[in-house]
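**Student:** Structure in structure tokens, see below.
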């Protein structure tokens, strides 16, 4: 069976680890990698992570700094995999 390879992105190490653990328990899902950083997953580092981990999808926690996350989403290179943005409230999702 082919597994969906997921890259988990979050500034919070506990959220990131917990989400990765939950995803690993799902049949057909494998966590390809996890990234974070004090400065956020910007520019070259994000592109590098996409090359290294080669995910099918990115699960991105945007709740910690929604404004910065929106800017960082704009830095995704052309041809990047789909992104599932995780917000903590309906207001943030908007």
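Throughout, read-outs are computed from the coordinates displayed, never taken from laboratory work. Values in this document were obtained by computation on a predicted structure and should not be read as measured data. Here the Cβ is made from the backbone with ideal geometry for all residues, glycine too, and neighbour counts use every protein chain on show.
**Student:** Set the Förster distance to 22 Å, then compute FRET efficiency between residue 75 and residue 25 from the Cβ-Cβ distance, nearest 0.05.
**Tutor:** Here the calculated transfer efficiency is 0.10.
**Student:** Here's a follow-up. Enter the per residue convex hull volume of the stretch 4-86, computed from alpha-carbon coordinates, in Å³ rounded to the nearest integer.
**Tutor:** Dividing the Cα hull volume of the stretch 4-86 by its residues yields 78 Å³.
**Student:** Here's something else I'd like to know. Just want the ordering: 27, 10, from fewest to most Cβ atoms lying within 10 Å of their own Cβ.
**Tutor:** 27, 10
**Student:** Further, regarding this structure: Normalised by the number of residues in the stretch 4-86, what is the relative contact order in percent for Cα pairs under 8 Å and 6+ residues apart?
**Tutor:** 36
**Student:** Right, next: Give me the extension gain from residue 90 to residue 51: residue separation times 0.36 nm, minus the current Cα-Cα distance, reported in nm with one decimal.
**Tutor:** 10.9 nm
**Student:** What list do you get for 35, 70 if you sort them by fewest beta carbons within 10 Å?
**Tutor:** The most exposed by this proxy come first: 70, 35.
**Student:** Ranked by Cβ crowding within 10 angstrom, fewest neighbours first, how are 78, 24 ordered?
**Tutor:** Final ranking by Cβ density, sparse to dense: 78, 24.
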